[in-house]
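Enquirer: One structure, as C-alpha cells, below. Some questions next.
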Amino acid sequence: MHVLIINGSPRVKKYSNTDKILDSFTSGMKETGAGFTQYEVSDRKQWDEIRKKFSENKNILIALPLFVECIPGLLMEFLESLEPKNDGTKLAFILQSGFAEGVQLRCGEEFLKMLSERLGCEYCGTLIKGNNFSIRLFDGEQRDNMTAPYIEMGREYAQNGDMFSDKCRRFTGPEVFPFYVRILLGALMATFGRIGFNRFAKDWGCTKRLDFRPYT
Ligand SMILES: Cc1cc2nc3c(=O)[nH]c(=O)nc-3n(C[C@H](O)[C@H](O)[C@H](O)COP(=O)(O)O)c2cc1C
C-alpha cells in the first residue's frame, strides 16, 4: 500500500502539530510495510504537484487541524481546486484539534464525509482526536510521548485501509467531559483564562477588552 498524505494545516511544516502527529502515524504505517509520500498545503509551491498526485493515487489521507470549529480556509481553497475522480480512490482523514472533547469535531467529520462524495472518492473514515494544542511546544522524548499513540493508529490504518476499526473509534476519547469537569473548566476560563487572554490581547496591541461588543 502506498499512500498520498496531504497535511492540510496552514501552519508551515516546522510548526505544524499535524506534521508531528503524522511523524508517529507514518512510523506505524511503515511497520506494516506501507509507504507514503507527504505534501504540505501550507506550501503553495507544492499545490500543482499535490493536484497531480491526487489524480494519480488510489489511497489518499488528508490530515488536518480543526480551526474555529471548522476546516482551515487555506485547505478549503486548495480542496476547491481539485477535480473529482470517480475511479475508486479511497480517501481517509485525520481530524485533530486543541480542545479534547470529541463532540466538537463531529460537524467537521460530517463535512469530510460529504467532501469525499463530492470528490468522487470512497469515504474511508476519519480518525478524530483532540488535546493536541501543545505538541509543537515540546521536543524530543516529551513530544514523542505525546504523539506515540498515533503509531498504533498508523498500523491500524495501513492494515485495514480505513479508520473504521473499534480501536480507531475509541481513540477519540470522551465525547464530552463529565459535568463536574465542565463546571471546573468553565470557572477556570471565566477567571484565569479571561485574565490571561486579555493580557495576550494587550501585549499584541489590542486597545479594547475581548468582550467589547461595538454592535450591541
Ligand atoms: C486559528 C485557530 C483556530 C483554532 N480553532 C480551534 C477550535 O475551534 N477547536 C479546537 O479544539 N482547536 C482549535 N485550534 C487549535 C488547533 O486545532 C490545534 O492546535 C492543532 O493541533 C493545530 O495543528 P497545526 O499546528 O498542524 O495547525 C485552533 C488553532 C488556531 C491557530
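The values are calculated or read from the model by the stated rules, or taken from the named source; none is laboratory data. Since the model is a prediction, treat every value here as computed from it, not as a measurement. Cβ placement follows ideal geometry from the backbone for every residue including glycine, while neighbour counts extend to all protein chains displayed. Just so you know, the surface numbers come from the protein's heavy atoms only, side chains and all, with ligands and any DNA or RNA stripped out. Shrake-Rupley method; radii C 1.70, N 1.55, O 1.52, S 1.80 Å.
Enquirer: Could you figure out which of (1) open to solvent by 60 Å² or more (accessible area, probe 1.4 Å); (2) within 10 Å of the ligand (Cβ to nearest atom) isn't true of Ala63?
Expert: Failing condition for Ala63: (1).
Enquirer: For the range 179-216: of the residues being in a loop (DSSP other than H, G, I, E, B) and of a type in the set (Phe, Trp, Tyr), which is surrounded by the most Cβ atoms within 10 Å (Cβ to Cβ)?
Expert: Taking the candidates together, the pick is Phe212.
Enquirer: While we're looking at this one, here's another question. Just the residues that are under 19 Å from Gly102 (Cα atoms) and touching a residue at least 24 places away in the same chain (Cβ under 8 Å), please, taken from the range 130-145.
Expert: Result: Gly130, Asn131, Asn132, Phe133, Ile135.
Enquirer: Determine whether Asp43 is surrounded by 15 or more Cβ atoms within 10 Å (Cβ to Cβ), under 30 Å from Asn145 (Cα atoms) and of a type in the set (Asp, Glu).
Expert: Spelling it out, it is not the case that Asp43 is surrounded by 15 or more Cβ atoms within 10 Å (Cβ to Cβ), under 30 Å from Asn145 (Cα atoms) and of a type in the set (Asp, Glu).
Enquirer: Moving to a separate point now. Out of Thr26, Thr32, which single residue is in contact (Cβ under 8 Å) with a residue 24 or more places away in the chain and open to solvent by less than 50 Å² (accessible area, probe 1.4 Å)?
Expert: Matching residue, one of Thr26, Thr32: Thr26.
Enquirer: Right, next: Please tell me if Arg155 is open to solvent by 100 Å² or more (accessible area, probe 1.4 Å) and either over 23 Å from Thr18 (Cβ atoms) or at pLDDT 95 or above (or both).
Expert: When the stated conditions are applied, Arg155 does not pass them.
Enquirer: Exactly one condition in (1) more than 30 Å from Glu80 (Cα to Cα); (2) assigned to a loop (DSSP other than H, G, I, E, B); (3) among the acidic types (Asp, Glu) is false for Asp144; which is it?
Expert: For Asp144, the exception is condition (2).
Enquirer: Checking Glu69 against (1) within 16 Å of the ligand (Cβ to nearest atom); (2) open to solvent by 80 Å² or more (accessible area, probe 1.4 Å); (3) on the phi < 0 side of the Ramachandran plot, which single condition isn't satisfied?
Expert: (3)
Enquirer: Being near the ligand (Cβ under 10 Å from one of its atoms), open to solvent by less than 10 Å² (accessible area, probe 1.4 Å) and within 14 Å of Ile62 (Cα to Cα) is true for just one of Ile21, Ile6. Which residue is that?
Expert: After applying the criteria, what remains is Ile21.
Enquirer: Still on this structure: For the range 96-110, how many residues are near the ligand (Cβ under 9 Å from one of its atoms) and either open to solvent by less than 30 Å² (accessible area, probe 1.4 Å) or not in a loop (DSSP other than H, G, I, E, B) (or both)?
Expert: 6
Enquirer: Is at least one residue of the range 156-165 hydrophobic (A, V, I, L, M, F, W, C), assigned to a helix (DSSP H, G or I) and out of contact with any His (no Cβ under 6 Å at 6 or more places or on another chain)?
Expert: Within the range 156-165 (the criterion being hydrophobic (A, V, I, L, M, F, W, C), assigned to a helix (DSSP H, G or I) and out of contact with any His (no Cβ under 6 Å at 6 or more places or on another chain)), the answer is yes, since at least one residue qualifies.
Enquirer: Is it fair to say Val176 is in a loop (DSSP other than H, G, I, E, B) and either of a type outside the set (Lys, Arg) or touching a helix residue (DSSP H, G or I) at 6+ places or on another chain (Cβ under 8 Å) (or both)?
Expert: Judged against the criteria, Val176 is a match.
Enquirer: Output yes when any residue across the range 148-155 is of a type in the set (Asp, Glu), out of contact with any strand residue (DSSP E or B) (no Cβ under 7 Å at 6 or more places or on another chain) and within 14 Å of Arg170 (Cα to Cα), and no when none is.
Expert: yes
Enquirer: Further question on the same structure: Tell me, yes or no, whether the range 82-92 has at least one residue that is within 13 Å of the ligand (Cβ to nearest atom) and either outside any strand (DSSP E or B) or in the same structural domain as Gly161 (by TED's automatic domain parsing) (or both).
Expert: No, every residue in the range 82-92 fails to be within 13 Å of the ligand (Cβ to nearest atom) and either outside any strand (DSSP E or B) or in the same structural domain as Gly161 (by TED's automatic domain parsing) (or both).
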